[in-house]
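Heads up, the thing below is written out as structure tokens.
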Amino acid sequence: MNFQTLSQLAVLCEERNLGIGALMLEEQSAESGRTQEQEFAKMSQYYGVMKEAVHRGMNENTTSRSGLTGLDAQRVGAYNAATEPCLGGAAGEAMAYALAVSEVNASMGRIIATPTAGSCGIIPGVFLSCQERFGWDDDFMVYGLFAAGAIGYVIANNSFVSGAEGGCQAEVGSAIGMAAGALTEMRGGTPAQAMHAVGLALKNTLGLICDPVGGLVEIPCIVRNGFGAVTALAAADMALAGVRSVIPSDEVIKVMLEVGSAMPEMHRETAGGGLAQTPTGRKIMEDLRRE
Amino acid sequence: MRFKDVFSIIGPAMVGPSSSHTAGAARIGRAARQVLGEMPRLAEVIFFGSFAATYQGHGTDRAIAGGLLDFSTDDPRLPDSIELAGEAGMEISFRQGAGLFPHPNTVQLRLTGKESGSELTITGISIGGGNIEIVDIDGFGVKLSGMYPTILINHMDYLGVLASVTDVMRQGQFNIGHMSLDRKNRSGAALTVLELDESATQELLRDLEALPAVKTVKLVDLNEGTSEKEYELKQEDKGKDSTS
């Protein structure tokens, strides 16, 4: 890849007069040695898996093996249909879809890691709800996924994307940044605006710990995906409105690295602290062990 | 760069619940299976760090077993892999390890081959999003991501071995993306790891094995998965549709 930072990515887009997604497709093809058509087809297939996961989560039984989670997406979907949600319909739908994919993941169903399985609901939640709302075609969405991938590539190589290394900020935080930046571009924002969306979004999740109850990707991971989808919409709106991330996104990514590196092991996917070690969290873990 | 392309960020397609603890573990298991070169009869799985703390909840044990059965990350049989391994005659055990480990998500596999009885000790780390690194093979320090088709050459540490290896690669028109060599001692056993841009042919593997001082040659290719094959087939079908 010919870029290592988000500012380099934005400059490259300007130089080549390409959007982030189109540029990433070119770069990916050059890196893999496969044609752009082949790489595009693979990403299209991935988008198909995301759609399938949303559909499954909204319609099928997603009760997890532990029995702790499942069907919350359908609860939110039914509520959204019955009344005017506080969020409004569009954000409510993004939230429901994000919960749906995360519940499919928790029940050992098939998903696309974006960038991880723990954060797999956010991008499908934002993308599918916006596709329906704005009438975008599938190819347009696939370019959006390449844009999200370009942003994630920079975050992953300059910081981290695993909860065990950097806490939940690295997973859910990264996914929100990726979704926000991609959506900003899809709504007509410039690459520079998209980068501001990433910075704005990442600042909101700095310090978020990874504290899964019983070590399972369920509590609080699933609801954090629901919240994440809504936050990504908010960050894109701020950036499109002209709000700037005064601390540049690349510097925010470095802060994520600093905070994650300083995070105690108990808060990095070990179930040794946080929600996992609350009296209720401990009781759930003991019950699971007994089974 | 730890993460090399767009599909290490968007992807893999996988069975949940955790990219590092399920998909990454499956890829480590599969890499180990391919380095061993056959189905293991015995598999001792030792977890460290976060893997040790949470492997049951994340299905890390099932993922490792599935990988050892050569399953890809999105194989629908993964949730039942421990039972399937038992049916296939693999004796698999899991425990928590003690001592130093290189990464919060570390696993060591001690395998015995079913046919040859050959033994292998391999250590892998799962660095996030389903991406992995194999860091140790039988005491040789390596750095194997599994992102690319990878050739492992066990050889003796003689003058000119690498030159003859790269010569075979050049003749076959195979480009090397990353290469490392580690040896036990001067003129002793050595392991060379080559990451290629495209998958190796049987002919290339045979030519490498025929070189003097080369003991064994193994190919690790984690991209040859059930999903990839399905994907290729679907592409072929599409081709047919458009021509008919």
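Observations
- For A:Ser44 and A:Ala262, the difference between the fully extended length at 0.36 nm per residue and the C-alpha to C-alpha distance is 74.7 nm.
- Mean-position separation - Cα centroids, segment B:1-40 and segment A:1-61, in angstrom: 20
- Helix axis angle, A:221-240 relative to chain A longest principal axis, alpha carbon, degrees: 30
- FRET E, pair B:Gln96, B:Val168, Förster distance 45 Å, beta-carbon r, rounded to 0.05: 0.55
- Cα gyration tensor shape of segment A:86-221, rounded if a/c is under 1.5, else prolate or oblate by comparing a/b with b/c: oblate
- Partner chain coverage, peptide A:263-271 - average Cβ within 10 angstrom: 3
- Residue by residue along A:38-51, Cβ atoms of other protein chains within 10 Å of the local Cβ number 3 on average.
- Burial order of peptide ranges B:103-114, A:43-54 (average beta-carbon count within 10 Å, highest first): B:103-114, A:43-54
- In sequence order, segment A:46-55 has phi-based couplings of 4, 4, x, 5, 5, 4, 4, 5, 4, 4 Hz under the Karplus curve 6.51 cos²θ - 1.76 cosθ + 1.60, θ = phi - 60°, and Gly or Pro positions carry x.
- Chain A - Debye-derived log10 I(q)/I(0), Cα point model, q = 0.07, 0.08, 0.15 Å⁻¹: -0.24, -0.32, -1.11
- Relative frequency of Cα-Cα separations exceeding 21 Å in segment B:148-221, percent: 16
- Packing-based exposure ordering (other Cβ within 10 Å, fewest first) of B:Met156, A:Met256: B:Met156, A:Met256
- Within 10 Å of each Cβ in B:121-132, the average number of Cβ atoms from other chains: 4
- Near the amide H of B:Leu144, within less than 5 Å, lie the amide hydrogens of B:Ile134, all on another chain or at least 5 residues away, with H placed in the peptide plane.
- Note on A:Arg289 and A:Glu26: the model spin-label points, each 7 Å out from Cα along the C-beta direction, lie 5.7 nm apart.
- Near-label residues of segment B:127-142 by backbone N, under 19 Å of a point 7 Å along Cα→Cβ of B:Glu38: B:138
- For segment B:1-103, applying the loop criterion from DSSP together with a ceiling of 15 other beta carbons within 10 Å to the trypsin sites (Lys or Arg not before Pro) yields B:Arg2, B:Arg77.
- Separation between Cα centres of segment B:101-153 and segment A:160-181, rounded to whole Å: 26
- Degrees between helix A:191-205 axis and first principal axis of chain A (Cα, 0 to 90, nearest 10): 20
- Rounded if a/c under 1.5, otherwise prolate or oblate - chain B, Cα gyration tensor axes: oblate
- Separation of alpha-carbon centers, segment B:155-190 and segment B:75-92, rounded to whole Å: 36
- Cα gyration tensor, segment B:59-147 - rounded (a/c under 1.5), prolate or oblate: oblate
- Scattering profile of the protein assembly as shown at q = 0.09, 0.12, 0.13 Å⁻¹ [log10 I(q)/I(0), Debye over alpha-carbon scatterers]: -0.63, -1.11, -1.29
- Computed packing ranks the peptides B:164-170, B:18-24, B:184-190 as B:18-24, B:164-170, B:184-190, most packed first, by mean other Cβ atoms within 10 Å.
- Between the helical axis of A:20-32 and the longest alpha-carbon principal axis of chain A there is an angle of about 90 degrees.
- The magnitude of the dipole of segment B:10-146, with charges of +1 and -1 set on the Cβ of Lys/Arg and Asp/Glu and taken from the Cα centre, is near 260 debye.
- In order through segment B:93-101: 3J(HN,Hα) via Karplus (6.51 cos²θ - 1.76 cosθ + 1.60), integer Hz, x for Gly, Pro: 10, 10, 8, 8, x, 10, x, 6, 9
- Förster radius 22 Å - calculated FRET efficiency between B:Gln56 and A:Gln277, Cβ distance, rounded to 0.05: 0.80
Rule-based calculations on the coordinates, nothing more; no lab input. Quantities reported herein were computed from a predicted structural model and do not represent experimental measurements. Positions of Cβ are generated from backbone atoms using ideal geometry, with glycine treated the same way; all protein chains shown enter the neighbour counts.
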